[in-house]
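Read the structure below first, then the notes.
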Amino acid sequence: MATPMSPQTVLVLGGGIGGVVTANRLRRRLDRRHRVVLVDREQDFTLAASYLWVMTGHRTPAQVTRPLRRLERRGIDVRTGTVERIDPAERSVVIDGKVLTGDYLVVSLGAQQTPETIPGLAEEGHTFATLTGAQRLGVELGRIDSGRVLVATASPVYRCPAAPYEAAFLIDALLRRRQVRDRVEVVVHAAEPGPMGVAGPTVSGAVTNLLAARGITYRPSHQITRIERDLARFADGQDVPFDLLAYMPPIAAPTVVGDSGLAGPGGWSEADRHTLQTGYPGVYAIGDNVQITLAMGKPLPRAGVFAHAQALVVADTIAATILGRSAPAGFNGHGGCFIETGDARAGYGSGDFYADPAPRVALRPPGRALHLGKVAFEQNVLRRWL
Ligand SMILES: Cc1cc2nc3c(=O)[nH]c(=O)nc-3n(C[C@H](O)[C@H](O)[C@H](O)COP(=O)(O)OP(=O)(O)OC[C@H]3O[C@@H](n4cnc5c(N)ncnc54)[C@H](O)[C@@H]3O)c2cc1C
């Protein structure tokens, strides 16, 4: 790294929540002599937290999409391209064959969704974990008049622990609105032992009760192995027929992270849980691509609220280092997640995920104010940062 007040370049890899918040915050903290470069293979940012509202028809895809180029008006240098290689020792990356070197590197490349690891899943099912998938699923939910909707998590670990349960609640509400719910069964088969398990048994039990109260059948610890047309096959030998399959895909570490010196077990980035600095000075990893193991032995859930909080810490740390100021407080593991339950209501699970021996998380029961809280979270990301 150069001496603190010489012009510095910060390379931010990934234009999802973590990358966008980091780049914006750095731009606000640093004057224009310093460069902030943001790289993403996509031209557009889409907000995953709103995909389920696209599924239900409460949002259009355009309402939850913003061109990343908009950030250029704030002085962020936006590059569209694929990060093919990361060399953390040199703080350099290869983007579409071209080398780019920075004084600081922030890796926020998310998690790869890997439905192809379960044969038949992508071909026969519809995922609510992509924008186009959520839109197509919405069309199917508008057509189904009888039969069974199977909501499934295809692996115990996935992005946003609340999302598949929100999906089930919102599908239930949508079918009620269409007045076909008495003819369409909604069942959730989950690979994990309970909803939002990292949040503890009280939260998990409360979400299970909410499912039961809506007549949604729940079968946990049930791992899908393959899908054959309209039949889901499970590891315990059970076959479950369905008319519509809505799924949360498994995830894996981004290949480019796994191939770099940043990766620990499983190929995920390793970083200090408070500073988010990796083993390489000036190189930080935040958001879904980082594996932070909690005191209870499970990973910190992959959620935008954590990517957002970590981005602020890392941007402030880099800016403070460049400006010769003292470092800010680190990421403290606090955060919360809304869980939409239908009919413009949401619950909110929040607390201290770094608590020892286990996270201390409470669930506020569903209400309209919390639904408005989720709308405010959405608008904050889309208006403040993009
Ligand atoms: C259906 C659903 C609902 C959710 N709801 C919520 C919610 O209500 N609240 C919440 O907090 N979280 C929610 N999440 C989780 C949240 O979306 C993620 O945790 C968050 O997006 C993580 O941010 P990130 O910056 O780490 O990664 P991402 O937002 O995934 O961004 C990673 C970026 O890196 C880019 N990229 C990846 N590889 C490369 C490469 N090689 N070259 C160039 N670019 C690359 C990608 O294109 C992407 O833009 C939800 C997720 C889903 C799927």
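Taking the DSSP beta bridges in the chain as the whole, what percent of them are antiparallel, to the nearest 5?
So the antiparallel bridges in the chain amount to around 50 percent.
Report, in degrees rounded to the nearest 10, the 0 to 90 angle that the Cα long axis of helix 163-177 makes with the longest principal axis of the chain.
Relative to the chain, helix 163-177 is tipped by roughly 40 degrees.
Accessible area, 1.4 Å probe, largest first: how do Lys374, Lys98 sort?
I get Lys98, Lys374, largest accessible area first.
Could you tell me what fraction of 2.2 N^0.38 Å the Cα radius of gyration of segment 114-251 comes to, as a two-decimal ratio?
Taking the Cα Rg and dividing by 2.2 N^0.38 Å, one obtains 0.96.
Could you derive backbone 3J(HN,Hα) for segment 312-329 from the dihedral phi with the Karplus parameters 6.51, -1.76 and 1.60 (θ = phi - 60°), listing whole Hz in sequence and x where the residue is Gly or Pro?
Along segment 312-329, the couplings run 5, 4, 5, 4, 5, 5, 5, 4, 5, 5, 5, 8, x, 9, 7, 5, x, 5 Hz.
Note down the accessible area of Thr317, probe 1.4 Å, to the nearest 10 Å².
Here the accessible area works out near 20 Å².
For q = 0.06, 0.07 Å⁻¹, what log10 I(q)/I(0) does the chain give under the Debye formula with an equal point scatterer on each alpha carbon and no solvent?
Here log10 of I(q) over I(0) equals -0.23, -0.32.
³J(HN,Hα) across segment 373-386 via Karplus (A = 6.51, B = -1.76, C = 1.60, θ = phi - 60°), whole Hz, x for Gly/Pro?
Residue by residue, segment 373-386 yields x, 5, 4, 5, 4, 4, 5, 4, 5, 6, 9, 7, 9, 10 Hz.
Below 8 Å between Cα atoms, with a sequence gap of 6+, how large is the relative contact order for the chain in percent?
Contact order relative to length: 19 percent.
When only C-alpha pairs under 8 Å and at least 6 residues apart count, what is the relative contact order of segment 138-229, in percent?
Relative contact order comes out at 33 percent.
Could you pull out every residue, at least 5 positions away or on a different chain, whose amide H is within less than 5 Å of the one on Arg226? Hs are placed 1.01 Å off N in the peptide plane, and Pro or chain starts have none.
Arg233
Write down the accessible area per residue of segment 29-117 in Å², having rolled a 1.4 Å probe over the full set of protein chains.
48 Å²
Leaving out ligands, DNA and RNA, and with a 1.4 Å probe, what % of the accessible surface on segment 10-52 is carbon or sulfur?
Carbon with sulfur: 38 percent of the solvent-accessible area.
So how do Glu84, Glu185 rank on accessible area, 1.4 Å probe, biggest first, that is with the largest at the start?
Glu84, Glu185
Carbon and sulfur together cover what percent of the accessible area of segment 114-251 at a 1.4 Å probe radius?
It is 50 percent, rounded to a whole number.
Which whole-Hz couplings ³J(HN,Hα) result when phi for each residue of segment 235-242 is put into the Karplus expression 6.51 cos²θ - 1.76 cosθ + 1.60, θ = phi - 60°, listed in order with x for Gly and Pro?
Ordered by residue, 3J(HN,Hα) equals 4, 7, x, 6, 10, 10, x, 9 Hz.
Hey, how many Å between the Cα centroid of segment 263-322 and the Cα centroid of segment 348-374?
That distance is 21 Å.
Determine the order of Tyr158, Tyr218, Tyr280 by accessible area, beginning with the largest, at a probe radius of 1.4 Å.
Ranked list, largest accessible area first: Tyr280, Tyr218, Tyr158.
The values are calculated or read from the model by the stated rules, or taken from the named source; none is laboratory data. Predicted, not measured: the structure shown is a model, and the values here were computed from it. Calculation scope for accessible area: heavy atoms of the full protein, side chains included, ligands and nucleic acids excluded. Shrake-Rupley method; radii C 1.70, N 1.55, O 1.52, S 1.80 Å.
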